[in-house]
Number of protein chains: 4
Amino acid sequence: MAQLTNQPTSQVLQPRARERRERILDAALAVFTRRGYREATMDEVAEAAATSKGGVYFHFPGKEALFLALLERSAALLLQRTQLALERTPDPAGKLDAALDVVLRLFASHRDLARLFLVEALAAGPAIQEALLAIRRRFAALIASELARAREDGLIGPLDPQLAATACFGAIYEVVTQWLLSGSPADLAEAAPELRRLLRRLVGLPDRSLDEDGTL
Amino acid sequence: MAQLTNQPTSQVLQPRARERRERILDAALAVFTRRGYREATMDEVAEAAATSKGGVYFHFPGKEALFLALLERSAALLLQRTQLALERTPDPAGKLDAALDVVLRLFASHRDLARLFLVEALAAGPAIQEALLAIRRRFAALIASELARAREDGLIGPLDPQLAATACFGAIYEVVTQWLLSGSPADLAEAAPELRRLLRRLVGLPDRSLDEDGTL
Amino acid sequence: MAQLTNQPTSQVLQPRARERRERILDAALAVFTRRGYREATMDEVAEAAATSKGGVYFHFPGKEALFLALLERSAALLLQRTQLALERTPDPAGKLDAALDVVLRLFASHRDLARLFLVEALAAGPAIQEALLAIRRRFAALIASELARAREDGLIGPLDPQLAATACFGAIYEVVTQWLLSGSPADLAEAAPELRRLLRRLVGLPDRSLDEDGTL
Amino acid sequence: MAQLTNQPTSQVLQPRARERRERILDAALAVFTRRGYREATMDEVAEAAATSKGGVYFHFPGKEALFLALLERSAALLLQRTQLALERTPDPAGKLDAALDVVLRLFASHRDLARLFLVEALAAGPAIQEALLAIRRRFAALIASELARAREDGLIGPLDPQLAATACFGAIYEVVTQWLLSGSPADLAEAAPELRRLLRRLVGLPDRSLDEDGTL
DNA sequence: TATGAATGAGAATTCATTCAT
DNA sequence: TATGAATGAATTCTCATTCAT
């Protein structure tokens, strides 16, 4: 469960190499975001990473693997933060809000990462699709398990946790995508309170009457 | 019934040519769904349309334009059917259900088409992304206007119709995408009743106590 | 000698057709001048002539033939005017000046025609090269014969009339070409008096001490 | 001897690559002369250079750039030789003859090259035309500066050095072109003595009474 | 005569990947 | 480890020409 940042070889990398590997990933994120998976070229990645094409190929066996590594790295970040937020929120009824906050905050501050996840990855080829889907499912499962628990606790009425989680994820996904691609709302945080209310209703949680921390 | 087959050129085509143009679009749909936007080649399209490469280029100035034409044609179909369903449903409270039914039914029966437009299209270049986004927004606007009316009629409580419509669309979109990519649920129709309930709650409609036609 | 404007068929053309044929030639001149022989397309010619591609092909068997016809038409004009000027100039010593005047005046007022002749035609394929060369030789022969006569009359010293005529033509050619392509001198006429002096010297004519008509 | 093989890229090439770059240029010269600019294909160049198409594109960004590089390389050779000949001829009155000799000799011994740059290049597109024109002007400027000095030295009478140089260049150009295209005179050297006489007269130099080395 | 439509042989160019230093 | 050079299959698009109405 911990092995999220994949190493290309099982050998231990020198610190220098590890550093370069990270630099390449950073560069790849920038390039894939700017140009899209298909349009991005390994040349561009190499140049952005201030290395050579051969150098990129030393660290990653190919373009697809590079994208995949990027995806994993980013997914780990998102999942970790979400999990942490869920753990830190004792109130069962507030967990959904907490997760939403984490996601919106992360995407709002890493627009490029959002683009990569929500837009590019879907159509970058079967292998990547597979990986992306797994990540999405892992994320939805996180929500689903909280929903299941909430239901057991009698906090919410009967529902299909999987489907509800998927629907929640989709609602967030679309709001973020519209923000990404059409720039509306200008600030993603604006949409947070209303979206929170909608999602609470969707899963059957009562509206929070007193919203003490309306900030995102 | 009117504006379904869009004519990108303002010139009047001879009947023969009009026929061939449609044949090319049909062939293109088949090829794009089978191979994906990027993998599909104009050669394949030409062959599938039983015409020459030049013939395709006579009717469409390029690959992107061809895809766009296809996108518009299909989007028009989806939007038109949805609009029709909304008009045919007198009960304001049932309109959302009706729209959902149309979309799920259409996608369920045209899985390839759904895959093409929900998944492939995202990575087909900025112009197509732009067009796709516009279509999504048009669709969300359809829902939003119904929500706005429902609110005026006092059927639902106060909400941001735009955001709620976007969230609804996203929820549907994600359920369909999961079905497309992971094959679960096996039958999209299975998810319909529960999804309907979730969306009704999301927008603030009361659950239908007596659901006489629970089938999709 | 009179058959300069070639008719594609030996049949007599209707006035309408003759008119359209001219319109196509005019359009072709414009297009070839603007785009160059290779870059120009038959579509462009057809559009410029406000007719269809098929229409162009009715009047001319192909692109090369079209260019050739244009070349012949223009050459006829140039040669006719030059010949006329030579005949109208009784003074043997003034004939060279007269020819120079005609050429510079014609090119200055038909820049596109000059471009066609001096720049495009050379590299438009063997058949056209052949034709162009014949025209150039015809023109040089005109000068050469005058030089030969001048020599017989003792007006100028011994020289190779062919070579001298070629050199004269080349000198003019280059001056016009530089004007065409680099725009210097701004007005071709500016160069006329000095060029006249140079050419007179080249062939061995004495400088005209009193230049009564220095205007081009 | 210095700036002969121009490096379009500022990067330092490995010796192997430098070698191959030259090989590609040589191959390109052969192909372009044999087939003409437009008819020549990059495939042919690659094959003639015993490399791959990609290899050619690694060194030159495109067909036009390849031709341009070739043009510059050859022009540098011509200009360098001419300049050298001018420097080596102490007698101011003999400089024009020396330049003429160099040019005629070079073209006579490299007919294909002459054809390529005097005839083909004209129709190779605006960028190449521009470059070609610049070269012509550089060459004419060489002559012009000599003419200006000769005039200062009182060797020749008043004239416009620019125009005279252009005219000289044009005369030579035309004689060479006629030789190239019509094959007359059979040997370009035949025309040298008479052409020399004509040009001397054109610029106002006295005929050399005793021509000790009338051979080209 | 004229037209719009169709053809199809080719072209230039791209780029993921490999490899010799 | 890293690099620059090289590869070559694959792809989009062009356009002179032909042809059915």
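Details
- Verdict on residue D:207 being open to solvent by 10 Å² or more (accessible area, probe 1.4 Å), at pLDDT 90 or above and more than 7 Å from every other protein chain (Cβ to nearest Cβ): no
- In this structure, residue B:94 does not qualify as open to solvent by less than 50 Å² (accessible area, probe 1.4 Å), within 14 Å of DNA strand E (Cβ to nearest atom) and more than 14 Å from chain A (Cβ to nearest Cβ).
- Only residues that are buried (at least 16 other Cβ atoms within 10 Å of the Cβ) and more than 9 Å from DNA strand E (Cβ to nearest atom) were counted across region C:43-64, and they come to 6.
- Matching option when the condition is closer than 24 Å to residue B:142 by Cβ and in contact (Cβ under 8 Å) with a residue 60 or more places away in the chain, among B:88, B:73: B:73
- Residue within region D:154-164 that is modelled with pLDDT under 95 and within 22 Å of residue C:140 (Cα to Cα) present: no
- Unmet criterion (only one of (1) modelled with pLDDT under 90; (2) over 15 Å from the mean Cα position of the chain (by Cα); (3) closer than 30 Å to residue C:130 by Cα; (4) of a type in the set (A, V, I, L, M, F, W, C)) for residue D:93: (3)
- Applying the criterion of being at the interface with chain B (Cβ under 7 Å from one of its Cβ atoms) and crowded, with 18+ Cβ neighbours inside 10 Å to the residues of region A:177-193, the residue that is modelled with the lowest pLDDT is A:181.
- Here region C:15-41 is the region considered, the condition is being surrounded by 15 or more Cβ atoms within 10 Å (Cβ to Cβ), away from chain D (no Cβ under 14 Å) and free of Cβ contacts under 8 Å to residues at least 24 places away in the same chain, and the residue that is farthest from DNA strand E (Cβ to nearest atom) is C:31.
- Residue match in region B:144-152 (condition: in the same structural domain as residue B:96 (by the TED database), surrounded by fewer than 20 Cβ atoms within 10 Å (Cβ to Cβ) and free of Cβ contacts under 8 Å to residues at least 12 places away in the same chain): yes
- Only listed residue being within 14 Å of chain D (Cβ to nearest Cβ) and open to solvent by less than 50 Å² (accessible area, probe 1.4 Å), chosen from C:79, C:100, C:106, C:70: C:100
- Per-region count, region B:161-171, residues at the interface with chain A (Cβ under 7 Å from one of its Cβ atoms) and in contact (Cβ under 8 Å) with a residue 24 or more places away in the chain: 5
- Condition check for residue C:174: open to solvent by less than 30 Å² (accessible area, probe 1.4 Å), at pLDDT below 90 and facing another protein chain (nearest Cβ under 8 Å): no
The values are calculated or read from the model by the stated rules, or taken from the named source; none is laboratory data. Values in this document were obtained by computation on a predicted structure and should not be read as measured data. Backbone-built Cβ (ideal geometry, glycine too); neighbour counts: all protein chains shown. Side chains included, ligands, DNA and RNA excluded: accessible areas come from the protein's heavy atoms. Shrake-Rupley method; radii C 1.70, N 1.55, O 1.52, S 1.80 Å.
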